[in-house]
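Below is one structure, written out as structure tokens; comments come after it.
The values are calculated or read from the model by the stated rules, or taken from the named source; none is laboratory data. Being a predicted model, the structure only gives us computed values, none of them experimental. Cβ sites come from the backbone with ideal geometry, for glycine too, and all protein chains shown count toward neighbours.
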Amino acid sequence: MRASIPFTRRAFLGTLTAAGGLAVAGLPAGPANAAGHRDWHRVAEDVRAELRHAWGSYRRYAWGHDQLLPVSGGHSEFFDSAHPVGLSIVEALGTLYFMGLDDELADGVRWVRDHLDFAGVDADVQVFETNIRMVGGLLSGYLCTGERVLLDQARTIADILLPCFTESPTGLPYRRVNPSTGDITGNVNVLAEVGTIIAEFGTLSRLVHDSRYFDAAKKALRAVYDRRSGLDLVGTEINIETGEWTDSSARVDPPVDSFFEYLWDGWDLFHDRDLRHWYDTLTGAVLRHEEERLDGELWFHRADMTTGAALGRETSELTSYYAGLLGQSGHLREGEAYHSAWASVLASYPLLPEGYDYGTGKATDPGNQLRPEYVDAAFNLWLVTGKELYRERAYDYYLRQKRASRVANGWTIATDVTASPVKLGDLTPGYWWAEQMKYWYLLFADCPRFDYRNNYLSTEGAVLRGVVRR
Ligand code: DMJ
């Protein structure tokens, strides 16, 4: 039974036209151009030049620090303000490889070899962020270069995280660990952080021939699945010691989002039939109880996991990734429709806002953290369908983001996309190096170092299958 929500949709009148004539110096205009006339190699070169330029700024102002502040020409740390771990370097490794920026890649590997000391971090770090960014980035770097130090560092960091799983009475991981002291904290955790582990831990298990990492990650996923409701819905937040739900609203939005992604990915990467079954069961329930058609657009609302009652239409830009996951996992009609719904938001705003209410058509959080999800989904839908539409959408978003976010030293976040001109902040997040710059490049470049037919990219854009060494 499909739930319905008693809200009315506001008139959806954009202040911008959807696809008209966006242009950036030296590049052809956006999707208003006829597809087929696009010089994709020229576009790919532009993406590569932008990344290389930002890398130069990172080298100059932030080398070895976690993140570049491209407006002020400074740096910030992601995990521990007193102990940088070169996060942007680790996240960039795979992207540098695919772009053929081999000197920059060699510099990055050298930095990891000479300086990376994650065990020296003296702060409570999230298991999830540490895994997807550091373990994933290092594993991908290893697969791209064969440099053993990258694999060894990935394992060292995974060993710091592993007790969060093995010391839990339920198998659901504690949320945080202090790498210096080994102290574990956070007995309430959210599904994305419980469940976005198996791609990296499973790959590590395979590479080092030690199943403990895969087993711990799978046990955490099983512990969630076993606590699903009679409707086959799962909640948002759970006490990892008692196994009780502390937030029983079901959603595909964060902080659940990539929990679903990694059920599918665990099947895709390791052909584990349990994971496939769990993904199919839970996704069937999402489509039954959370999918909603509104003015011809497909969206997903929150629902009570026990009753299925609809709870609200506020969503997050991060959820746009789900269009690609649906497309990859056999729900192509829904995936394409969902991506179109997000594309329609660009009739109202130059960039996707962080928060959006699809009932009112208004931004609920006007920022834009330079996020990759809309392009991630376009990339995945393009890989699945080969439709030029998705390259065009990704290209349109490239032009929009470049026009709004490019500053002298690279690309930065925005604090308000509802203002004209867009108001900017001062940060290049680590995922910018790992995600959308890679998706854009691979979409446009026909890259000989990437296997377009058989590949796997993690939630953070780490390529864990499909690296061609040449
Ligand atoms: C990335 O760190 C990952 O994609 C994560 O799963 C959620 N989104 C951020 C970037 O927006």
Residue identified as touching a Lys or Arg at 6+ places or on another chain (Cβ under 9 Å), in contact (Cβ under 8 Å) with a residue 12 or more places away in the chain and either under 22 Å from PRO254 (Cβ atoms) or of a type outside the set (A, V, I, L, M, F, W, C) (or both) among GLU373, GLU392: GLU392
Region 230-264, subset of a type outside the set (A, V, I, L, M) and in a helix (DSSP H, G or I), residue farthest from the ligand (Cβ to nearest atom): TRP264
Lone qualifier among GLY146, GLY171, GLY186 - being surrounded by fewer than 19 Cβ atoms within 10 Å (Cβ to Cβ), within 16 Å of ILE238 (Cβ to Cβ) and among the small types (Gly, Ala, Ser): GLY186
Unique match (being over 21 Å from the mean Cα position of the chain (by Cα), surrounded by fewer than 23 Cβ atoms within 10 Å (Cβ to Cβ), of a type in the set (Val, Ile, Thr) and under 16 Å from PHE260 (Cα atoms)) among THR360, THR281, THR319: THR281
Count - residues of region 427-463 that are surrounded by fewer than 19 Cβ atoms within 10 Å (Cβ to Cβ) and closer than 19 Å to PRO350 by Cβ: 0
Options ALA216, ALA223, ALA303; residue that is out of contact with any helix residue (DSSP H, G or I) (no Cβ under 7 Å at 6 or more places or on another chain) and more than 16 Å from the ligand (Cβ to nearest atom): ALA223
Residue tally, condition more than 28 Å from PHE450 (Cα to Cα) and either outside any helix (DSSP H, G or I) or hydroxyl-bearing (Ser, Thr, Tyr) (or both), over region 77-114: 8
Within region 344-381, considering residues that are out of contact with any Asp or Glu (no Cβ under 8 Å at 6 or more places or on another chain) and of a type in the set (Phe, Trp, Tyr), the one farthest from the ligand (Cβ to nearest atom): TYR349
Unmet requirement for TRP411, which otherwise passes all of (1) free of Cβ contacts under 8 Å to residues at least 40 places away in the same chain; (2) under 21 Å from the mean Cα position of the chain (by Cα); (3) within 16 Å of ARG371 (Cα to Cα): (1)
Qualifying residue in region 389-402 (condition: in contact with a strand residue (DSSP E or B) (Cβ under 7 Å, 6 or more places away or on another chain), under 16 Å from LEU351 (Cβ atoms), among the hydrophobic types (A, V, I, L, M, F, W, C) and crowded, with 17+ Cβ neighbours inside 10 Å): yes
Qualifying positions in region 80-101 - crowded, with 20+ Cβ neighbours inside 10 Å and under 19 Å from ASP114 (Cβ atoms): PRO84, VAL85, GLY86, LEU87, SER88, ILE89, VAL90, GLU91, ALA92, LEU93, LEU96
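What is the residue count in region 419-458 for residues that are farther than 23 Å from ASN409 by Cβ, touching a Phe, Trp or Tyr at 6+ places or on another chain (Cβ under 7 Å) and either in a loop (DSSP other than H, G, I, E, B) or within 15 Å of the ligand (Cβ to nearest atom) (or both)?
Looking only at region 419-458, we keep the residues that are farther than 23 Å from ASN409 by Cβ, and these are 420, 442-458.
Filter again for touching a Phe, Trp or Tyr at 6+ places or on another chain (Cβ under 7 Å), leaving 442-444, 447, 449-450.
Checking which are either in a loop (DSSP other than H, G, I, E, B) or within 15 Å of the ligand (Cβ to nearest atom) (or both) leaves us with 447, 449.
Going through region 419-458 one residue at a time, the tally reaches 2.
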Some residue of region 146-153 being within 16 Å of the ligand (Cβ to nearest atom) and of a type outside the set (Ser, Thr, Tyr): no
Spans of helices (runs of 4 or more DSSP H) in region 265-349 with at least 2 residues farther than 17 Å from SER229 by Cβ, among the acidic types (Asp, Glu) and at pLDDT 95 or above: 332-345
